[in-house]
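The values are calculated or read from the model by the stated rules, or taken from the named source; none is laboratory data. All values reported here derive from a predicted model rather than from experimental measurement. Quick reminder, even Gly has a Cβ in these numbers, built from the backbone with ideal geometry, and neighbours come from all protein chains shown.
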Amino acid sequence: MCAIMKRKPVSFFESLRSLILPENRHQSEPITNKDILDELIACFDYSCRTEPVGSCLIFNMHFVIILHPDIYEQRLASLPVIVKETVKIFYSRIQFLQKKFSDISPVSSQWQFRFGPGAEFGQDKIGTGDIRVIGMLTGPKAGGTGSSERQSTARVTMKVKSTNVFDKMDINMDLLRHIHFVENGHFTVKYQPDLSLPASTNAFSKPTHSVLARIDYFNAENSRTDAYLMKDTEIVIARKEDGNLGYNNYLLIDSGFVSNPHARIRLNERSGRFQIASFSSQETRVDETVITRSEAGSPQWFDLKDKCQVLLNGMITLDFKKS
């Protein structure tokens, strides 16, 4: 006699997920291109389950991907292809979901992907077998109201460490301060209402970033003058040493009067203002104001006005000018 077992009903989203089911992998194995793709799709799928309102489909369009520095370098050349395949699958997902939702409501005019190398995220170490994918509807916004703590907190889709599954949570965006997001890991793809991929392959190439600011600096120790073009949204000012040569967003000054690190300058994307934080035990002055020293892990930011002058330890003069 043959026993007949009743099959468990499959939900709409489970059938959607079965279209592409990520394969199991061991955490100790180095990350592959497919692993990154699978994590992005899983993050997107979760947003499709949790963000919709009634018959209106809403989904994440801004993604931050953190990889171990070695893996980041290995996968750098493949990132445009990963982004292209990701957007392609996003559109196939949305097409499938049109059977359930009558209104497709993208919250942004473009997809955003920011890849960055990092050895840790919060209190967690990032190994060669780890990926941190953070999904957001539109990403951090400029301005806003409320306390500074509230402004630096964002609602995101991210994996919970204890369960290893995606969930929605609030995180402090300062957790990303140690991640060096530079132009070769930033991709912007215009959203196509007809859910088709852009005809031009240039849409999946890294964007050409304009210069955000120019910093002309004078070293009174050796009477040398030089210039630095700020292309990244955050840079570090430090003494020129071998250990600092591998970073693209470091302004290195060959002087014993410069601390290591001495300061950071950032473009606050929420407020649109440039700011500086000093970590040196020696005096850092902006025009006539002495900047309070802070710890690297908890910087105290001071606004930088256009065409202001920064003086490091009484010896290094920086003329800051927005582009």
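Go through the stretch 175-198 and give me each residue that's within 11 Å of the chain's Cα centre (by Cα) and charged (D, E, K, R).
Once the filter is applied, which keeps residues that are within 11 Å of the chain's Cα centre (by Cα) and charged (D, E, K, R), the stretch 175-198 yields Arg177, Glu183.
Filtering the stretch 226-279 down to residues that are surrounded by fewer than 21 Cβ atoms within 10 Å (Cβ to Cβ), over 18 Å from the mean Cα position of the chain (by Cα) and of a type in the set (S, T, N, Q), which residue is modelled with the highest pLDDT?
Gln275
Of the residues Glu241, Glu283, only one is of a type in the set (Asp, Glu), in contact (Cβ under 8 Å) with a residue 12 or more places away in the chain, over 24 Å from Gly118 (Cβ atoms) and outside the structural domain of Gln123 (by TED's automatic domain parsing); which?
Residue meeting the stated conditions: Glu283.
Is the stretch 209-220 home to any residue that is assigned to a loop (DSSP other than H, G, I, E, B), outside the structural domain of Tyr191 (by TED's automatic domain parsing) and buried (at least 19 other Cβ atoms within 10 Å of the Cβ)?
No, the conditions are met nowhere in the stretch 209-220.
So which residues in the stretch 104-125 are in a loop (DSSP other than H, G, I, E, B) and either without any contact (Cβ under 8 Å) to a residue 40 or more places away in the chain or outside the structural domain of Pro80 (by TED's automatic domain parsing) (or both), if there are any at all?
Matches in the stretch 104-125: Gln123 only.
If you check Phe218, Phe302, Phe257, Phe279, which single one turns out to be aromatic (Phe, Trp, Tyr) and touching a His at 6+ places or on another chain (Cβ under 8 Å)?
Among Phe218, Phe302, Phe257, Phe279, only Phe279 is aromatic (Phe, Trp, Tyr) and touching a His at 6+ places or on another chain (Cβ under 8 Å).
For the stretch 244-260, enumerate the residues that are in contact (Cβ under 8 Å) with a residue 24 or more places away in the chain, over 12 Å from Leu312 (Cα atoms) and either assigned to a loop (DSSP other than H, G, I, E, B) or among the β-branched types (Val, Ile, Thr) (or both).
Passing the criteria: Tyr247, Asn248, Asn249, Asp254.
Show the residue pairs meeting these rules: Cβ distance below 7 Å; 6+ apart or different chains; first residue within the stretch 158-185 and touching a residue at least 12 places away in the same chain (Cβ under 8 Å); second residue assigned to a loop (DSSP other than H, G, I, E, B) and β-branched (Val, Ile, Thr).
Lys159/Val165; Asp167/Val160
Could you run through the stretch 155-167 and say how many residues are closer than 23 Å to Val83 by Cα and either among the hydrophobic types (A, V, I, L, M, F, W, C) or surrounded by 14 or more Cβ atoms within 10 Å (Cβ to Cβ) (or both)?
Residues meeting the conditions: 6.
Regarding Tyr250, is this residue within 30 Å of Phe187 (Cβ to Cβ) and not assigned by TED's automatic domain parsing to the domain that holds Met173?
Yes.
Looking at the stretch 85-103 only, could you name the residues that are assigned to a loop (DSSP other than H, G, I, E, B) and touching a Cys at 6+ places or on another chain (Cβ under 9 Å)?
Phe101, Ser102
Go through (1) modelled with pLDDT of 75 or more; (2) closer than 21 Å to Ser108 by Cα; (3) part of a loop (DSSP other than H, G, I, E, B) and name the single condition Gly139 misses.
Only one criterion is unmet by Gly139, namely (1).
Criterion first (closer than 20 Å to His186 by Cβ, assigned by TED's automatic domain parsing to the domain that holds Arg155, touching an Asp or Glu at 6+ places or on another chain (Cβ under 6 Å) and surrounded by fewer than 19 Cβ atoms within 10 Å (Cβ to Cβ)) does Ile131 satisfy it?
Criteria met by Ile131.
Considering only residues of the stretch 294-307 that are of a type outside the set (Phe, Trp, Tyr) and surrounded by 17 or more Cβ atoms within 10 Å (Cβ to Cβ), which is farthest from the chain's Cα centre (by Cα)?
Per the criteria, the residue is Leu304.
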